[in-house]
1. Quote the Stokes-Einstein diffusion coefficient, in whole µm² s⁻¹, for chain B, based on the Kirkwood radius over alpha carbon pairs, a temperature of 37 °C and a viscosity of 0.692 mPa s.
2. For B:K34, go through the aspartates and glutamates and keep the ones whose alpha-carbon is under 17 Å away, minus same-chain ones fewer than eight residues off.
3. Using amide H atoms built in the peptide plane, which far-off residues or other-chain residues are under 5 Å from B:L52 H to H?
4. Kyte-Doolittle mean at least 1.0 and Cα extent at least 15 Å along the axis: which DSSP H helices of chain A qualify?
5. Students often forget the sequence filter, so: which lysines lie under 17 Å Cα-Cα from B:K140 once same-chain residues fewer than 8 apart are removed?
6. Give the average, rounded to an integer, of partner chain Cβ atoms located within 10 angstrom of each Cβ in B:38-48.
7. Can you give me the orientation-averaged projected area of the convex hull built on the Cα atoms of the protein assembly as shown, in nm²?
8. How crowded by other chains is B:110-116, given as the mean number of beta carbons from other chains within 10 Å of each beta carbon?
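Coordinate-derived values only; no laboratory data. Quantities reported herein were computed from a predicted structural model and do not represent experimental measurements. Here the Cβ positions follow ideal geometry from the backbone for every residue, glycine too, while neighbour counts run over all protein chains shown.
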Amino acid sequence: MIAGSRLAASRRVSGIAGVVLTGFCSALAAGLLIVILGYVVVQGWSAINPAFVTQLPHPVGVSGGGVANGIVGTLIIVALATLMAVPVGVLTGLYLAIYGRGLPAECVRFLAEVLSGVPSIAIGLFAYTILVQPFRHFSGLSAAFAFAVLMLPLMIRTSEEAIRGVPTAIREGALALGLPDYGGVIHVVLPAARPLIVTGLLLAIARVTGETAPLLFTAFGSQFWEVNPGNPMAALAMQIFTYAISPYDDWHRQAWGGALLLILAVLVLNIGARWALRGRTKRS
Amino acid sequence: MQTTVVAAENSVPVEDEADVALCARSISAWYGTKLAIRDVSLDFRRHSISALMGPSGCGKTTFLRCLNRIHESALGASTTGEVLLDGTNIYDPGVNPVVTRRRIGMVFQRPNPFPTMSIFENVVSGPRYTGLSRNPRELKDLAEEALRQAALFDEVKDKLDDPALSLSGGQQQRLCIARALAVQPEVLLMDEPTSALDPLSTLKIEELMEQLATNYTVVIVTHNLQQAARVSNFAAFMLGDADRVGSVIEYAPTQQIFTHPNDRRTEDYITGRFG
Amino acid sequence: MSTELDSPRTLTAARGRAAQRGLTTRQAVSDRAFRVALLGATLLFVALIAGLFVELVHGSWESIVTFGAGFLWSSEWNPVTNHFGALPFIYGTVVSSAIAIVIAGVVGISAAVFLAEFAPAVVARPVSFFIELLAAVPSVVFGLWGLFVLAPILSQTVEPFLQRYLGFLPLFSGPIYGVGLFTAGLLLALMIVPTVAAIARDLIQAVPNELREASIALGATRWETATRVVLPSARAGIVGACVLALGRALGETIAATMVIGNRPAISASLFAPGYTLSSVIANEFTEATSSIYLSALLELGLILFVVSVVVNGGARVLMWSMLRSLGRRP
């Protein structure tokens with residue numbers, strides 16, 4: 001009896017210790033977000049002013065200036081990447097959802113999974129070899145291409161899941177009316193799958209908006225207003241990187257300011273994506 | 001083998017061949033390698049209501065889904081046999097199943113309005129996307145008539161642009177009937193159309209079916225004997241064997257099948273001696 | 001609104017067309033175009049991945065031919081003499097990622113166990129949400145924070161502390177710079193913790209409840225159930241999650257570049273600066289003047305690509321095998 005209760009006590013202590021320890025690890029991981037967010041807000045806030053978001057960067061040594069061209073460049077590059085990634089991603093997702101049985105489709109799925117783990121810098125190199133090297137100059141377009149490749153795995157997976165998630169009854173409803181395959185898909189299945197596809201798209205956009213590595217040798221960066229994607233372009237994430245590793249205090253301040261803008265954009269996209277999803281699950 | 005003979009004998013309670021709108025010949029259907037129904041042959045008389053009844057798992061829904069070739073759209077599902085629509089076999093290699101489904105409409109067990117569309121858009125989705133009509137005026141008229149035929153128009157005429165999902169279950173089912181009618185089918189297949197509905201909605205739909213029979217050939221699957229007795233002109237009794245392979249036991253005018261069934265098994269089922 | 005119940009005029013009018021309808025040419029063409037578009041997009045996607053591999057091989061061919069397999073174990077990286085070897089970068093990548101996965105593995109799996117097995121929903125939901133958002137923080141922001149916050153803290157407190165007590169080990173000896181392998185490894189760990197935690201949590205939740213109930217019924221505590229029954233059944237998948245996270249650490253570029261010190265040297269000390277495969281590409285690619293230099297950098301990219309494919313493929317196989325063994329569709 002006594003031995004038994006002693007054993008129980010030690011087991012209870014180890015249980016409590018385990019819960020406390022694992023709980024501490026959870027708090028650590030979640031708290032890290034707050035710490036980083038806190039630093040970015042505190043440090044970045046002082047850099048944010050109208051000039052910062054409307055002006056071009058000033059030359060080295062001249063304080064002030066802004067990252068307006070980087071914001072515009074990021075918007076253009078991400079928009080172009082979305083234009084490229086959405087059709088390919090959604091159509092491939094459709095293919096997998098509709099015809100995706102058997103080995104070839106499994107291979108495509110596996111490739112998408114694998115591509116999602118390929119370092120962005122390798123994809124940047126790919127964009128460089130096929131869109132920069134042959135034309136002998138850097139361009140926003142090549143950066144958009146690299147981003148599009150980065151977006152594809154997520155687009156494909158979420159599109160497939162979204163389309164599979166449309167109830168069979170709805171699909172058969174379209175079939176029974178005598179709608180051709182494409183008619184049923186375009187008018188009935190895709191609209192029903194849209195909220196989930198949009199969620200995936202927002203997450204994909206969030207992912208590439210903060211990407212920096214592939215930009216270094218595709219968009220390359222620019223000190224000027226550049227809205228022609230055929231030319232080298234500035235991008236916000238790249239400006240943060242350049243400013244951060246520079247030796248100037250004023251640039252460090254601007255790097256924090258840029259980081260604040262970037263992290264806000266990415267968090268808004270992420271929360272928006274989840275919010276869109278929540279509205280949907282509540283309804284069904 | 002014996003089943004085949006019986007089914008063939010019972011397959012034509014319709015005297016005049018020209019009165020047959022839809023005619024199934026030796027339909028067998030599989031899910032993968034599992035045989036679901038064997039050798040089902042039934043004729044359906046024009047502008048009448050034929051009921052398929054039987055315990056669950058007897059293959060009545062599977063058979064119904066073979067009549068508009070929707071069975072084969074499921075993964076691994078296949079069919080053999082013939083279905084003659086006005087003398088043409090819809091399983092002929094040259095016949096496009098998509099086109100066939102425009103002539104043979106279907107209403108499902110659960111209401112399945114297209115979730116992203118309004119009431120109006122649901123009704124006209126068939127004509128609009130099958131290319132039957134794209135003219136806005138004509139679509140509007142089509143929608144009104146289809147909704148009237150489905151006895152829904154008066155309830156929804158002021159909110160045609162509301163989401164289809166805002167309707168009650170019974171209204172949704174009548175919306176689905178209107179949607180099917182708007183494509184102008186010759187035959188209307190109904191797969192337990194009231195099983196998900198309350199008694200009042202069920203009554204409405206049953207009344208509606210009788211009206212529809214003046215213009216359409218209706219085939220309805222039901223496990224509800226009273227419903228079959230109330231609405232149908234002809235009734236087929238299907239039963240699964242020990243391997244759960246379904247076949248037709250008896251097919252006759254409804255009156256006869258409920259009063260003087262030929263087969264012992266039909267009688268057992270009707271008198272409630274089955275589980 | 002006249003009542004026309006008995007004579008549906010438009011329906012009758014349409015019936016004439018309905019009787020002789022078939023697929024219009026337009027529909028037949030659209031249907032075909034639709035199938036072609038689906039297949040075309042899928043093939044394009046496959047072609048893109050094939051192109052990615054082919055282009056990297058093609059670009060690195062000059063370097064592959066010139067240096068052969070020795071590229072992998074030569075430690076010289078000299079753009080002046082055009083002699084290139086990848087060893088310092090492989091070393092830096094492996095060491096920083098190893099530090100990262102050890103730390104992130106422990107913290108991430110612990111967090112996953114807590115969230116899946118112990119935390120009430122009111123705690124688990126916001127904490128999971130924060131951890132998932134942490135995964136969305138751009139790596140350049142991690143790098144910025146690592147450079148200006150984490151590195152100073154490490155160089156002023158943690159690293160001197162480690163050196164005082166463990167300095168007899170070569171790993172913790174030598175001058176402290178702040179930036180270096182240790183800082184990079186720790187920063188990478190923070191970046192991949194969400195990956196480990198989120199995936200491991202999902203996998204733990206996928207373990208059927210019957211197993212837990214059986215264990216509780218035998219008199220085990222919840223902690224014992226979690227560690228001796230649930231975790232072992234999810235082991236293959238959790239290893240997969242860690243491998244996946246490792247893949248992210250191996251390829252992570254910008255954050256590592258900002259805090260690793262960028263010196264192509266192999267030193268025993270974790271406090272010394274190092275270099276990773278991806279950060280040398282990031283730093284030197286646009287400055288590469290000779291074609292062999294460029295080619296050598298592309299070969300580093302090829303190594304990264306091949307490693308990531310192997311690591312990710314392996315991780316997927318591990319996770320699928322776990323879900324299969326539990327009878328769940330991946």
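1. This corresponds to a translational diffusion coefficient of 173 µm²/s.
2. Counting by Cα, and skipping residues close in sequence, B:K34 has these aspartates and glutamates nearby: B:E72, B:D241, B:D243.
3. Those lying under 5 Å, H to H, from B:L52 are B:I220, B:V221, B:T222, B:A236.
4. Passing helices, by number: A:2-45, A:68-99, A:103-115, A:140-164, A:190-209.
5. B:K157, B:K159
6. 0
7. Values: hull surface 190.9 nm².
The number I arrive at for the protein assembly as shown is 47.7 nm².
8. 6
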